[in-house]
Every structure is written in C-alpha cells, then in structure tokens.
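Report on the following structure.
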Amino acid sequence: MTVVEWAGLPMLAAVALGLVATGLPAFVVLIGVALLFASLGLALGVLPVSVLTALPLRIIGLLENDLLQALPLYVLMGALLNRLPLADILFRAGNALFARTAAAPLLSAIGLGALLAPMNGSVGASAATLSRVVEPRLLASGVSAPRGLALVSLASTLGVVVPPSLVLILLGDSMLRAHTEAINATHLAARVINTQDVFQGALPPALLFLALAIAVAWLVGRGERMPVVPAPRLRPGEWLTAIVTLAAILALLAAVVSGHLYAVEAAATGAVALFGFGLVSRQLDGPVLAALLRDTMGIAGALFALFVGATTFTLVFRALGAEAPIAALIQAIPGGALGTGVATLVLLGLCALVLDAFEIILVIVPLVMPPLLTRVPDAVWLSALTLLALQTSFLLPPFGYAVMTVRTLSAERVSDGAMTRALVPFLAAQLVVLALTVAFPGLTHLAQPSDAAAPPRSDAQVRQQLENIVPIAPSESDEH
C-alpha cells in the first residue's frame, strides 16, 4: 500500500481531535478536514481535480433520497410533542397509572423516553428534551439526583434501538449501501438489506432491553423505598388526551415496523395529527408556533449539514484510496466472523465516546461495514449489534455521550461515583441483551418473515436452483 492510502487514519484522527479540541459542529470539522487533505492531495498531485467536481452531484443525489424526506417530519413530530403539553400529560398519566408502586416515576420516565426518543433525532436532542420534561418531575417525585440523571441518560438513548427512529432510518440507508458493496465484492446472490430489515432486526433486542429496564426500575424503586408522592389528579380530558396520544404513536410506530406504512407516510400522518391537535386545543399560538418552527428548522438543518459534511469527507477519503488499509485491517482480525464482528463493535463503541449516533452512521459505518460484511454476511445481525454497541457506549460513565450531555444540562451536581452506581443496574441489563444478541444471531430474525432470514446463496446455488426449475438440455460434448 502507498503512503497516500494510509492518509485515511490521520484524517479520522484529525476529525476526532477537531471535535474534542475546538467544540465546533461536526459538519464544520468534517468539511475542514476534507478540504485540508484534499488541498494536500492536489498539491502532491495524487488527487485529480475531477474528483472534487463530483461533489455537487453527490450532494444533490443524496438530497434526492426519498427516505430523507422522513427526517424533517420526524423532527417536527418530536418538536410538537415537546412544545405541546403532551409529554407532561403522558408522564403524569404514567405516574397515576403506577401510583401504587414507589417506582412510578421511574417507569414513567422509561415509557416516555421510549415514545419521545425515537422522534427527537440525536441522543443530544433527546437528552435536552428529557432533561427539561422528565428530570424536574423525577426530582419532585422524590427520586434522588443520581438516579434521576441516570434515568434521563437511559431514556435519551432509547431512540438508538427502538424502531422506527431517525437513527434506524439512517442506519438502514447506510447499511443498504454497505451491503451492496459487499455483495458486489463477494459475488454472492443475496437480497440486499433495507430499512425495513433493520427495523425488524432491532425490534426483538429493543423489546428485551425495555423489559429488563422496566424490571430494573421496578426493583430499584422498591429497594430504595422511595416515598410515594401523590400524583396530581388528571382531568377526564387529560386522560383522553393521554390515551389517544399513546394509541396514535404506538399505532404509527407499529405500522412502520410491520411494513404497512413507509416512514415518510407515518411521520407525515403523525405531524399533521399533532399539528391539528395543537390548533383545535388552542395551544399552538404565535409564540409557540415560532419556537416550534425554529426547533424543527434548527435540528433538521443540522442533520442535513451533517449529511453534506459526511459526503464531502467520504469523497476525499475514498479518492485517496484510504479504504484499502481499513479493509486490510478488518480482514486481518483473527477469530473468524465472530472475532471480526466483536472487534469492529468495540471500535464503534470507542467512536461513540466522542461522536453522536448520526455522525458514526454517516462517517464511520460506510468505511468499516463493507469489508466487515464480506466476512460476516448477516447484515441484519450486524445492524442490531451496531445499535446495541452504540447505546452501551453512550451510557458508559463518566465519558458516555448521553451521560456527559445530561450532566451538562442538569443543574444538579452529582459525583462520578454516585452516577456510576445509579447506572450500573441498567448497564448490566444492556450488557445482558448485547451478549444474548452476540451469542444468538437468530434473535434478530424473530420479527422477520421466514424468507427474509434465509442465508445468502452463491452463484452456483442459484444456477442449481434454476436447473431444477428449468432443466437444461445436455450439450453434445456432454452426450459423448
């Protein structure tokens, strides 16, 4: 390999250093690093100018992706849930529903996180919303500050694994591209993974983790003997609002996961319904509407800016031939398919200490997944493991992305030791789900149709199947 091909590793290191040292948005760092190395490549004569002229077409092609239409709609749904009093009503309804147990606020926080986090975009956006909505109510309910921050951190990461979140939509698109490259490289006759496969593959581990998290919260609430704070009574209209909102959200999410609705259709339906509720209830006045549009445009704009930055970075990265060393390193990992998969998951987990989920999916996944899928052909299993590894890394104290974000946003000052002790039971549940998914790949195929989970077939197998259907007449040479 040439020296130029090894430029990819300094490019990745420069991105990590730029994010940590400057505090600039990720898209600024990605574009800056790409321009720096592109300038060096042009000066050294190893990067043709024609490569850079392809950038506008790549960006236009990216923005023409129909799947990306769902992103601003999902962001709008999340902003509507945040700006309208629906999140508060749902949290109080959960407290009233579980009023007989001291764990009511903990269970309500997890349930609200499972509903809101998939639509809030990044882990940082979910942490900001839940810190504002959930944390004060947890503290008012008698939950200790470390436990409250741990619950908010956990809830803010649920959008990483609970379909059909923005994270899963983007991962599905990225895995589709990576799987296509791997199939072309290995010449296997396999069906390319799509977003629906990622949704269905992530669902069983996500449900298992939610069940374990709820069990842990219930046990923690009973063990700490937290005071049972009487929940304020909900008016009949608020109960009706909570029931209708919960049923509508669950129906939309289930329709997308089951394939009855596309993500764009479900997001548009939910956004229109919530917007109509705000108008009918007269809660969507001028100031609220202005703040709603500002939030939506800000988050959606940051996402599309990140797309442009990631596209620019990967174009320069691949133009320098820097993918070859990464592919060679992945191919050289010992331990077969399992060892390669685990090593790559550890790498993604380390990246998650400094990068958000979107940045990892748009920058790191396109680089490491194509060579990994040539050794580990089960793309659905790898997708689910990627999501679980990212969620685990986000929750690792004290440097986990979700933990640091929640502690920064909170007015409460909690020591590292107290925060770690509060997170340990939930991290144990997370590691149990991760270990089960690694040991039993079939877990990720439980929600898929039987034909979708079939292993990929080689060209020889496809030819044999065709011969069984349409017998091929023997040639003259075969007769003699």
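Extending 7 Å from Cα along the Cβ direction at residue 187 and again at residue 219 yields two label points whose distance is 5.3 nm. The amide H of residue 189, built 1.01 Å from its N in the peptide plane, has 457, 458, 459 as neighbours under 5 Å, considering only residues 5 or more places off or on other chains.
If you compute Cα extents along the principal axes in Å for the structure shown, which of [x] 81, 61, 34; [y] 88, 59, 46; [z] 86, 64, 43 do you land on? Looking at Cα extents along the principal axes in Å for this model, the match is [y].
Modelled this way, with points 7 Å down the Cα-to-C-beta line, the labels at residue 353 and residue 24 are 2.4 nm from one another.
For the chain, the relative contact order comes to 26 percent (Cα pairs under 8 Å, sequence separation of at least 6).
Mind checking the full-extension length gain between residue 144 and residue 435? Use 0.36 nm per residue of separation minus the Cα-Cα distance, one decimal, nm.
On the way: separation 291, 0.36 × 291 = 104.76 nm, distance 3.02 nm.
Difference between extended and current length: 101.7 nm.
Is region 303-402 rounded, prolate or oblate when judged by the Cα gyration tensor, a ≥ b ≥ c being the square roots of its eigenvalues, rounded requiring a/c under 1.5 and prolate requiring a/b larger than b/c?
On the way: a/c = 1.82, a/b = 1.04, b/c = 1.74.
In terms of gyration-tensor shape, oblate.
Please state the shape class of region 92-210: rounded when a/c is under 1.5, otherwise prolate if a/b exceeds b/c and oblate if not, all from the C-alpha gyration tensor. It is prolate, given that a/c is not under 1.5 and a/b is the larger ratio.
The 3J(HN,Hα) values that the Karplus relation (6.51, -1.76, 1.60; θ = phi - 60°) gives for region 429-443 are, in residue order, 5, 4, 5, 4, 5, 4, 5, 5, 5, 5, 6, 10, x, x, 4 Hz. Gly and Pro appear as x. Simple point charges give the picture: +1 on the Cβ of Lys and Arg, -1 on the Cβ of Asp and Glu, and for the chain a dipole about the Cα centre of about 1940 debye.
Relative to the longest principal Cα axis of the chain, at what angle does helix 379-395 sit, 0 to 90 degrees, rounded to 10? Rounded to the nearest ten degrees, it is 40. Taking 7 Å steps out from each Cα toward its Cβ at residue 346 and residue 88 produces label points 4.8 nm apart. 3J(HN,Hα) couplings calculated from phi for region 39-46 with the Karplus curve 6.51 cos²θ - 1.76 cosθ + 1.60 (θ = phi - 60°) are, in sequence order, 5, 5, x, 5, 5, 7, x, 9 Hz; Gly and Pro show x.
Each residue of region 249-265 is assigned a 3J(HN,Hα), and the resulting list reads 5, 5, 5, 5, 5, 5, 5, 6, 5, 7, x, 7, 10, 6, 4, 5, 5 Hz, derived from the Karplus form 6.51 cos²θ - 1.76 cosθ + 1.60 (θ = phi - 60°), x at Gly and Pro. Using R0 = 41 Å, the C-beta based FRET efficiency linking residue 289 and residue 258 works out to 0.75. Name the residue from 364, 14, 411 whose Cα lies farthest towards the positive end of the charge dipole of the chain, charges +1 on Cβ of Lys and Arg and -1 on Cβ of Asp and Glu. Result: 411, furthest along the dipole toward the positive end.
Quick note: the coordinates plus some simple rules give every number you see, no bench work behind them. None of these values were measured; they are calculated from a predicted model. Note: ideal-geometry Cβ built from the backbone for every residue, glycine included; neighbour counts use all protein chains shown.
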